[in-house]
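See structure below.
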Amino acid sequence: MSTLFANPFKSLRHVRQAALAAALGLFCVTQAPSAAAAHLHYGWQKVGAIKLFYREGGPADAPTVVFLHGNPASSIMYEEVMQALIDKSGLHVIAMDYPSFGYSDAPDHLNYKYTFDHIAETVRGFLDARGIHRYALYMQDYGVPVGFRLIQADPGAISAIMVQNGVIHLDGFPTAQDPKGELRQHWLKRNPAVDKRRAAYAASLGFPSAATWDEGADLNPDADLLMSASEQRPGVIESRNDLWFDYGSNVDRYPQWQSLLKTLKCPVLVIWGDRDDFFTTPGALAYLRDAPQAEVHILDTVHFATLEAPDPIAELIAAFYRRHGLR
């Protein structure tokens, strides 16, 4: 169930369940969809010297949604949402794994610079290689600073903006609000103790089992296993620590992105799991300051809401597309 916040000066709107349009006739002749359009397919796209894993599906000539994943996840966090959108909305959907994430190559951090600028540049190269030049963005966690770099570089390419548990305001980032706190100080001057603690945590990640699994979380153990296996590859934690150290560059750009969002006239959808202790609900409502036209839905889910509530989120996206005529 979601709670919908729109512009405070407008009445609340509620999302209705979409009716699945299907017509069956005894002598009706229909064209069967291709296998590629009917189900997600997978591959690796070469960008420079790196091969990026991706999931893609839906008609190539349909409106495109590019999904940008968070940390320490990968495109698997969108698997069910993407498939539901193919089945119910006929959208073209695509999501890639960033370098060192998921199934993508993990170049050594001495050879590939793990910064958000460089990740965004690699994602732009991926989209160009796949022939994607006009698209909506669905961004979560790390996907938000990657995505807003894409928006800055080419705002005309963006048909819609969708954000889920990812911030461009300190309102929703309580651990980063204190300039003298550990995070902000680490981003100013790298703290080896932080790197060491993160490395120890990555090394401690184990195989999902009945003894360790929290059944109440209702998450996909396949996604959990891929996260652990990916992060425990040789050299990956060093790369991830480099990227986390660079996160301060995102906080510095928050004012730029807020100003940019104010100038964009495209539809904006914000979906937020309110059981997220890292990026908290005030971060969702803060988007209304810069985009009063935004639709904000608060869900009873965790940080990785698409893993816990894929069907409601797919329906919110589909309804958003219908309301704004994005088809």
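We did not get these values from a lab; they are worked out from the coordinates using the rules stated. Predicted model, so just to flag it, every value in this text is computed and none were measured. Every residue, glycine among them, receives a Cβ derived from its backbone with ideal geometry; neighbour counts consider all protein chains shown.
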Self-check item: Backbone HN-Hα couplings from phi across the stretch 82-96 [Karplus 6.51/-1.76/1.60, Hz, Gly and Pro as x]
Solution: 4, 5, 5, 5, 5, 5, 9, 10, x, 7, 8, 10, 8, 8, 10
Quiz item: residue 185 versus residue 323, label points 7 Å from Cα toward the beta carbon: distance in nm?
Solution: 4.4 nm
Quiz item: Could you put 161, 50 in order, starting from the residue whose Cβ has the fewest other Cβ atoms within 10 Å?
Solution: 50, 161
Quiz item: Once the mean 1/r over all distinct Cα pairs of the chain is inverted, what Kirkwood radius in angstroms do you read off?
Solution: 20.5 Å
Quiz prompt | Distance from the stretch 54-76 to the stretch 87-158 (C-alpha centre basis), Å | solution = 9 Å
Quiz item: Taking amide H positions as placed 1.01 Å from N in the peptide plane, with prolines and chain starts having none, which residues 5 or more places from residue 136, or on another chain, fall under 5 Å of its amide H?
Solution: 64, 65, 66, 159, 160
Quiz item: In whole Hz, what ³J(HN,Hα) sequence does the stretch 235-251 give by Karplus (6.51, -1.76, 1.60; θ = phi - 60°), x for Gly and Pro?
Solution: x, 6, 5, 5, 5, 5, 5, 4, 5, 5, 4, 7, 4, x, 5, 6, 4
Quiz item: For residue 296, which sequence-distant residues (separation of 5 or more, or a different chain) have an amide H within less than 5 Å of its own amide H, given hydrogens modelled in the peptide plane?
Solution: 5, 6, 270
Exercise. Return P(r) of the stretch 114-169 (all Cα-Cα pairs; 10 Å bins starting at 0; whole %; ordered from short to long distances).
Key: 24, 60, 16, 0
Exercise. Would you mind calculating the relative contact order of the stretch 241-327 from Cα pairs under 8 angstrom and at least 6 residues apart, reporting the percent as a whole number?
Key: 27 percent
Quiz item: In whole Å, what are the Cα extents of the stretch 169-287 along the three principal axes, biggest one first?
Solution: 48, 36, 23
Practice problem: Among 288, 226, 170, rank each residue by its count of other Cβ atoms within 10 Å, from fewest to most, as a rough exposure measure. | Solution: 170, 288, 226
Quiz item: For the chain: lysine pairs with Cα atoms under 19 Å, gap of 8 or more or different chains, count?
Solution: 6
Quiz prompt | Descending semi-axes in whole angstrom, ellipsoid equivalent of the stretch 238-327, from the Cα gyration tensor | solution = 24, 20, 13
Quiz item: Relative contact order, percent, of the chain when contacts are C-alpha pairs under 8 Å separated by at least 6 residues?
Solution: 23 percent
Quiz item: Around residue 165, which amide H atoms from residues at least 5 apart in sequence, or from another chain, sit under 5 Å from its own amide H, with H modelled in the peptide plane?
Solution: 271, 273
Quiz prompt | Which of 213, 272, 187 has the fewest Cβ neighbours within 10 Å, and the rest in rising order | solution = 213, 187, 272
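At 0.36 nm per residue, minus the direct Cα-Cα distance, what do residue 110 and residue 197 gain on full extension? Give it in nm, one decimal, please.
Length gained, residue 110 through residue 197: 29.2 nm.
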Practice problem: Calculate the spin-label point distance for residue 214 paired with residue 175, positioning each point 7 Å from the Cα along the beta-carbon direction, and give it in nanometres. | Solution: 1.4 nm
Quiz item: When the convex hull of the C-alpha atoms of the stretch 212-262 is computed, what volume per residue in Å³ does it have?
Solution: 142 Å³
Practice problem: Using only the alpha carbons, work out the radius of gyration and Dmax of the stretch 228-291 in angstrom. | Solution: 15.9, 44
Practice problem: Tell me what the chain gives for mean residue ellipticity at 222 nm when only DSSP H runs of n ≥ 4 count, each as -39,500 (n - 2.57), the sum divided by the residue total, rounded to 500 deg cm²/dmol. | Solution: -11500 deg cm²/dmol
Quiz item: How large is ³J(HN,Hα) for each residue in the stretch 275-286, as worked out from phi by the Karplus curve 6.51 cos²θ - 1.76 cosθ + 1.60 (θ = phi - 60°), to whole Hz, x for Gly and Pro?
Solution: 9, 9, 7, 8, 9, 8, 4, x, x, 5, 5, 5
